[in-house]
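**Q** Below you will find the structure I want to go over with you.
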Amino acid sequence: MTAPPPAPLPVIATGQQIGAGWSPALSVAKALAALAEARRRGAQAVYWLADEDHDRAEVASVVGLRDGRLARHRFRFDARLGTATGWLPWTPGHQAEAEGLWGPLPPPAEPTLRGHALALGRPLWDRGLRPFSPTDPAVRGAIQSELERWRALDLEACLIRQAVALEALRAPLPLDPRVQAAWFSLDPATGRRQRLERGMPLPKGQWLSPGAALRPLMQSLLLPVVAVVLGPSERAYWRLCEPLWDVVGLSAPEILPRPSVFVVPKGFHAAPGQLDALRLGAWDRLASWTGTFPTETLPEAAPDPAWPASLQGRFRQELARTRQRLAKLDQRLHRRAAEAAVGGDPERLRQALFPFGAPQERVMPGVPWLRNGALLDTILARMDGAATVILVEEP
C-alpha cells in the first residue's frame with residue numbers, strides 16, 4: 001500500500017498589509033517573532049501578505065532620507081481607487097523613487113507592489129519564513145464555495161453582537177462592524193475591491209473577499225494555523241470574531257503578542273526601563289546633575305509694595321520668565337549627566353528611537369533591517385517568546 005502523504009506542519013502565522021519598503025519596520029519584527037516561535041515548536045512560519053487589503057494611503061506613506069534628514073514621502077500609483085494592494089503597479093519609476101529614499105534595492109519579483117515586497121523579503125524567506133498570498137488563484141479558487149457558505153450564515157449579525165458586548169466591557173474597538181463591511185467583491189483580473197452590502201449578489205467572475213474582521217477565519221481556512229503573532233490593535237479586532245469560530249467550524253489559534261523592537265545606534269546603550277524617559281526627553285530620569293543648578297542661583301525676590309501695582313505685576317512676570325529660562329539650563333545639565341548613562345547625547349538617541357515622536361518600528365521602513373543580515377540574526381536570537389521589548393545595538 002502507498003503510504004499516506006505526511007500531515008502538513010502546523011503553522012505559526014503573522015502578516016501585514018504590504019507596504020513600500022516593508023513599511024513599517026514592525027512588520028519585520030512580527031516576521032522574526034513568528035519564525036522564532038516556529039523553530040521552538042517544530043512548526044512552519046508563514047508571513048501572510050495582506051495583498052487583498054486596499055488601504056492605499058497606508059502602503060504608500062513612508063519615511064526616507066533626504067539630505068541626511070528623515071523626510072515623509074508618499075508613492076503614487078496609477079490604479080483606480082479600491083484596487084487591492086497586490087495589484088498596485090510597481091514600475092521602474094517607483095523603483096528609482098524608492099532607491100532615492102533608501103539606496104540600492106533588489107528588482108521586484110513581479111511589476112507590482114506585491115513583487116516589490118517579495119523581493120525585499122528575500123532575507124526572511126532564506127531564513128525559513130514562507131510568504132503566503134491569499135490572492136494566489138491556486139489557493140483562492142478552492143475556497144470560494146466555503147466563503148459563500150459563510151456569507152449565508154449572516155456572520156455580520158454575529159460581529160455586531162460581539163461589538164456591542166465588547167463596548168459594554170469598555171474593550172477597545174478599532175474596527176466597528178456596524179460601519180465597516182464584512183464582505184467585499186474582488187475582481188481577480190484587475191484587483192478592484194468593492195463593498196458588498198448584506199443581501200447584495202456577488203458579481204459574476206469575482207471572488208468573495210472577507211473584511212478585516214473575518215480575515216482570521218479565512219487564514220485558518222487556508223492554513224493549519226495553531227498560533228498567530230499579533231500587535232495590540234490586531235489583538236483588539238481579533239476579539240470580534242471570537243464567537244465565530246464555532247459557527248464556521250474552525251478552531252481558534254493561540255494569540256501571541258508581538259514584541260516591540262528598537263535598534264539602538266552604534267555607540268549608544270539603553271535599557272527597556274529607560275525608553276519612557278527617552279521618549280519624553282526627561283533626562284533627569286536617566287541621570288541627575290549632582291552639582292548646583294542655575295535655578296538655585298536665582299535669589300528669592302519680591303516686588304517693593306511701594307511700586308505701582310502694574311509694575312509689581314510686570315516684575316513678577318519677568319521673574320517667572322527668568323526662572324523658565326534658567327530651568328532650561330537645568331535641563332541642559334541633566335542632559336550632560338545623561339550622556340554617560342546612554343553613551344552619548346540622549347537627544348540624538350531619542351530621535352533615533354522615537355522619530356517624529358513615535359516608536360521607531362512604527363515610523364521607519366523595514367528595508368534597512370532587511371538588508372542587514374547580522375541585525376536580523378541578532379533580533380531573531382533575542383526573540384525568546386517572553387520579552388515584550390527588545391533592544392539591540394546596530395551591528
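**Q** Which one, (1) 43; (2) 40; (3) 49, gives percent of Cα pairs over 31 Å apart as derived from the coordinates shown?
**A** (3)
**Q** Another one. Where does each of 29-39, 214-224 land if you order them by average Cβ count within 10 Å, highest first? Intermediate results must be reported in sequence, preceding the final value.
**A** Values: 29-39: 24.8, 214-224: 21.1.
So the order, starting with the most tightly packed, is 29-39, 214-224.
**Q** Could you do me a favour and compute the accessible area per residue for the chain, 1.4 Å probe, result in Å²? Spell out each step's value before the answer.
**A** Numbers: 19300 Å² over 395 residues.
Value returned for the chain: 49 Å² of accessible area per residue.
**Q** Roughly speaking, what % of Cα-Cα pairs in the range 111-225 are separated by over 23 Å, rounded to a whole number? Spell out each step's value before the answer.
**A** On the way: 2704 of 6555 pairs.
Cα-Cα pairs of the range 111-225 separated by over 23 Å account for 41 percent.
**Q** Also: On each of the three principal axes of the Cα atoms of the range 166-247, give max minus min coordinate, whole Å, ordered largest first.
**A** The principal-axis extents, from largest down, are 41, 30, 24 Å.
**Q** Shifting gears a bit: Probe radius 1.4 Å, ligands and nucleic acids ignored: give me the carbon and sulfur share of the accessible area of the chain as a rounded percent. Mind dumping the intermediate values first?
**A** Details: 10430 of 19300 Å².
Reported share for carbon and sulfur atoms: 54 percent.
**Q** Mind checking the range 108-193 for trypsin sites (Lys or Arg not before Pro) that DSSP puts in a loop (not H, G, I, E or B) and that have at most 12 other Cβ atoms within 10 Å? Please list the in-between numbers first.
**A** Details: sites: ARG114, ARG127, ARG140, ARG149, ARG151, ARG161, ARG170, ARG178, ARG192, ARG193; in loops: ARG127, ARG170, ARG178.
For trypsin sites (Lys or Arg not before Pro) across the range 108-193 that sit outside H, G, I, E and B with at most 12 neighbouring Cβ atoms in 10 Å, the list reads ARG170, ARG178.
**Q** Next up: Treating the beta-carbon of each Lys and Arg as +1 and of each Asp and Glu as -1, no other charges, what is the dipole magnitude of the chain about its Cα centre, to the nearest 20 debye? Can you show the working numbers first?
**A** Values: 47 positive and 40 negative charges, 97 e Å.
That gives a dipole near 460 debye.
**Q** For the range 250-304, run through the trypsin sites (Lys or Arg not before Pro) and keep only the ones in DSSP coil with at most 15 other Cβ atoms within 10 Å of their Cβ.
**A** Details: sites: LYS266, ARG279, ARG285; in loops: LYS266.
Those satisfying the criteria are LYS266.
**Q** Still on this model: With N denoting the number of residues in the range 307-395, provide Rg(C-alpha) divided by 2.2 N^0.38 Å, to two decimal places.
**A** Numbers: Rg = 22.1 Å, N = 89, 2.2 N^0.38 = 12.1 Å.
Output field value: 1.83.
**Q** List the GluC sites (Glu not before Pro) within the range 253-334 that fall in a DSSP loop (any state other than H, G, I, E or B) and whose Cβ has at most 12 other Cβ atoms within 10 Å. Numbers along the way, then the final one.
**A** Details: sites: GLU254, GLU296, GLU300, GLU318; in loops: GLU300.
Of the GluC sites (Glu not before Pro), the ones in loops of the range 253-334 whose Cβ has at most 12 other Cβ atoms within 10 Å are GLU300.
**Q** Quickly estimate the mean residue ellipticity at 222 nm for the chain, helices only: each DSSP H run with n ≥ 4 gives -39500 (n - 2.57), and the total goes over all residues, rounded to 500. Numbers along the way, then the final one.
**A** On the way: 17 runs with 158 residues, N = 395.
After summing the helix terms and dividing by residue count, I get -11500 deg cm²/dmol.
**Q** Right, here's the next one. Tell me, what is a quarter of the convex hull surface for the C-alpha atoms of the range 3-146, in nm² with one decimal? Provide the component values of the computation, followed by the final result.
**A** Numbers: hull surface 43.2 nm².
Hull-based average projected area comes out at 10.8 nm².
**Q** Using 0.36 nm per residue of separation minus the Cα-Cα distance, give me the extension gain between ALA168 and ARG285 in nm, one decimal.
**A** On the way: separation 117, 0.36 × 117 = 42.12 nm, distance 3.85 nm.
Result: 38.3 nm gained on full extension.
**Q** Round to the nearest 0.05 the FRET efficiency obtained for LEU298 and VAL389 when R0 = 41 Å and r is the Cβ-Cβ distance.
**A** Details: r = 40 Å, r/R0 = 0.98.
That gives a FRET efficiency of 0.55.
**Q** Relative contact order for the chain: what percent, with Cα pairs under 8 Å and sequence separation of 6 or more? Don't jump to the answer; show the numbers that get you there.
**A** On the way: 620 pairs, mean separation 86.1, N = 395.
Dividing the mean separation by the residue count of the chain yields 22 percent.
**Q** Hey, with R₀ at 51 Å, roughly what FRET efficiency would THR322 and ARG127 work out to, going by the Cβ-Cβ distance, to 0.05?
**A** Details: r = 59 Å, r/R0 = 1.15.
Step by step, r from the Cβ atoms, then E = 0.30.
**Q** Counting Lys and Arg as +1 and Asp and Glu as -1, each charge on the Cβ, what is the dipole of the range 271-357 about the Cα centre in debye, to the nearest 20?
**A** Once rounded to the nearest 20, the dipole reads 260 debye.
The values are calculated or read from the model by the stated rules, or taken from the named source; none is laboratory data. Fair warning: this is a prediction, and the values are worked out from it, not measured in the lab. We place every Cβ from the backbone using ideal geometry, glycine too, and count neighbours over all the protein chains shown. For the accessible areas, the whole protein counts, side chains as well, though only heavy atoms, and no ligand, DNA or RNA atoms are used. Shrake-Rupley method; radii C 1.70, N 1.55, O 1.52, S 1.80 Å.
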